[in-house]
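One structure is given below, encoded as C-alpha cells.
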Amino acid sequence: LAKNIKVAEASKVIENSQRDINIALVNELARIFPELGIDVEDVLSAAATKWNFHRYTPGVGVGGHCIPVDPYYMIQRAADVGVPTELITAARSVNRTMPIHVAGVLNELLYRAGVPSGEGKILLLGWSYKAEVGDPRETPAEPLFEALQSKNISVASWDPHLVESDFPEGVEVITDIDSAEGFDVVVLVTAHKACLEIDYEKLASRMRNAIFYDGRRVMDLDSLQEMGWQIHAVGRPL
C-alpha cells in the first residue's frame, strides 16, 4: 500500500513536469521564431498537420499551484540521490522567465510608440493563473508586473474573478472595465470569457495608444486591427 501511494504521488509530479516541459518548448520557440521573422503559431499549425504532433500554445507564463511547483519536488528528490535533472530544470527556467521576456517586448512596444521612459501605462486583462478561476496563486501576472515596474512602467489590471485584496501593492485595480482609459498597451494575460468579450472598439477609443498584445494567442487579431488596434502577440514578430 505504501508503495502504491508513493507511485501515485510520483505520477502526479511527473504529469505536471511533463506539461511544464511541453509548454517550455513552445515558449522557447515563441522567443526564437519572431527573431527569424516568423509567427510561431504558423509553425505550430503546420506541425499540427502531422498526426503525432501534440499542440501546445505559448503564453506569458505558467501559473497555479501544480505545474510551476511540482517540478521542483522532482528536482530536489533527484538531487537527494545524486541524479541531474537538466531537462526539467531547463524547462522551469524557460517558463519562469517568460514574464520577463514579455515585459521586454512590451517595453519595446512603448519605445516604438514614442512613449517617454517612465510614462508608459499598461493594462493587464486578467490576473488569476488560468481562465474562469479566481485564484492568483503563482500567477505569471505577478512577475510580469514586477518586471514592468522595474522598468518604471505603470501597471493596472482588471479581473472580474478577483477582489482588490488579491492584487499586490502597486497595481492599480480596475473594477469597471468601461472606466479604463489612457493606457498605452492592453495585454491579455488570462483568457477569461469576460476578457474576451470586452467591447474592444470602445476600449480602443479610450486608449492613449491603442496597442494590443495577446499573451494567450486566443484573440481574433485581424478583427482587432479593423477596430483600430495595433496588434501584437506572444511569438509574433514585432
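The values are calculated or read from the model by the stated rules, or taken from the named source; none is laboratory data. Worth saying up front: this structure is predicted, and the values here are computed from it rather than measured. Here Cβ is always computed from backbone atoms with ideal geometry, including for glycine, and neighbour counts include all displayed protein chains. To get the accessible areas, we keep the full protein, side chains included, count just its heavy atoms, and leave off ligands, DNA and RNA. Shrake-Rupley method; radii C 1.70, N 1.55, O 1.52, S 1.80 Å.
Give me the tail of P(r) for the range 77-138 as a percent: Cα-Cα pairs with distance above 16 Å. Show your work: numbers first, answer last.
On the way: 1264 of 1891 pairs.
That tail contains 67 percent of the Cα-Cα pairs.
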Query raised in the report: Per residue and in cubic angstrom, what volume does the convex hull of the Cα atoms of the range 2-56 have?
Result: 67
**Report entry** Accessible surface of the range 142-238, 1.4 Å probe, proportion on carbon and sulfur as whole %
**Finding:** 40
Query raised in the report: Using only Cα atoms, what is the ratio of the radius of gyration of the range 130-238 to 2.2 N^0.38 Å?
Result: 1.03
Query raised in the report: Pairing the Cα long axis of helix 70-80 with the longest principal axis of the chain, what angle in degrees results, from 0 to 90 and rounded to the nearest 10?
Result: 40
Report task. Would you list, by chain and number, the lysines whose Cα falls below 28 Å from the Cα of Lys151, excluding same-chain residues fewer than 8 positions away? Result -> Lys121, Lys130
Query raised in the report: Of Leu87, Leu144, Leu29, which has the largest mean-square fluctuation in a 10 Å C-alpha GNM of the chain?
Result: Leu87
Query - Among Pro68, Pro58, Pro168: highest mean-square fluctuation, GNM of the chain, C-alpha pairs under 10 Å - result: Pro168
Query raised in the report: In Å, what is the Rg of the alpha-carbon atoms in the chain, and how long is Dmax?
Result: 18.9, 64
**Report entry** Ellipsoid equivalent to the range 86-175 - semi-axes via the Cα gyration tensor, in Å
**Finding:** 22, 20, 10
Query raised in the report: Rounded to a whole number, what is D in µm²/s for the range 1-92 from Stokes-Einstein with the Kirkwood radius over alpha-carbon pairs (4 °C, 1.567 mPa s)?
Result: 87
Report summary line: For the range 160-238, dividing by residue count, accessible area per residue (probe 1.4 Å) in Å² works out to 48
Query raised in the report: Between Val171, Val218, Val94, which gets the highest mean-square fluctuation from a Gaussian network model of the chain, Cα cutoff 10 Å?
Result: Val218
Requested in this report: Quantify, in whole percent, the carbon and sulfur part of the accessible surface of the range 44-85 (1.4 Å probe; protein heavy atoms only).
Outcome: 60
**Report entry** Protection-proxy order for peptides 12-25, 44-57, each taking the mean of Cβ atoms within 10 Å per residue, highest first
**Finding:** 12-25, 44-57
